[in-house]
1. Only one residue in LEU26, LEU59, LEU64 is part of a helix (DSSP H, G or I), open to solvent by less than 60 Å² (accessible area, probe 1.4 Å) and modelled with pLDDT of 95 or more. Which one?
2. Checking LEU15 against (1) without any contact (Cβ under 8 Å) to a residue 24 or more places away in the chain; (2) surrounded by fewer than 16 Cβ atoms within 10 Å (Cβ to Cβ): exactly one of these is not met. Which one?
3. Restricting attention to region 34-72, which residues are of a type in the set (A, V, I, L, M, F, W, C) and either touching a residue at least 60 places away in the same chain (Cβ under 8 Å) or closer than 15 Å to ASN21 by Cα (or both)?
4. Picking from GLU42, GLU35, which residue would you name as being surrounded by fewer than 11 Cβ atoms within 10 Å (Cβ to Cβ) and of a type in the set (Asp, Glu)?
5. GLY38: closer than 29 Å to GLU8 by Cβ and assigned to a helix (DSSP H, G or I), yes or no?
6. Can you pull out the residues in region 46-56 that are open to solvent by less than 50 Å² (accessible area, probe 1.4 Å) and part of a helix (DSSP H, G or I)?
Amino acid sequence: MVEELSVELQDEIKLIRHIVNLLPPLQKQIFTMKEIEGYTNEEIMQIAGCTADNLRKNLSRARLKTRETYMNIIKGANK
């Protein structure tokens, strides 16, 4: 049972990584830095060269697209 969960979790992580790789470059960079690597907003703005407003918009769009794509794939797999 533990091994199955581990395999399922690994598959889910691979799926999420694949979805993130499909994002537009700036959204991918911002999402990865914030959600995976743990950068602060200030650090991301400096590195990505964007404003606070641009960061919020791109992060919001990246989260939404990632969530929508994930849910569509899961729904399709459960049919």
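The values are calculated or read from the model by the stated rules, or taken from the named source; none is laboratory data. Please read these numbers as outputs of a predicted model, since none were measured by experiment. Because the Cβ atoms are built from the backbone with ideal geometry, glycine has one as well, and the counts that use them run over all protein chains shown. Keep in mind that these areas ignore ligands, DNA and RNA; they rest on the heavy atoms of the full protein, side chains included. Shrake-Rupley method; radii C 1.70, N 1.55, O 1.52, S 1.80 Å.
1. Unique residue meeting the criteria: LEU59.
2. (1)
3. Correct list: ILE36, LEU59, ALA62, LEU64.
4. Details: GLU35 fails: surrounded by fewer than 11 Cβ atoms within 10 Å (Cβ to Cβ).
Being surrounded by fewer than 11 Cβ atoms within 10 Å (Cβ to Cβ) and of a type in the set (Asp, Glu) holds for just one of GLU42, GLU35, which is GLU42.
5. no
6. Once the filter is applied, which keeps residues that are open to solvent by less than 50 Å² (accessible area, probe 1.4 Å) and part of a helix (DSSP H, G or I), region 46-56 yields ALA48, ALA52, LEU55.
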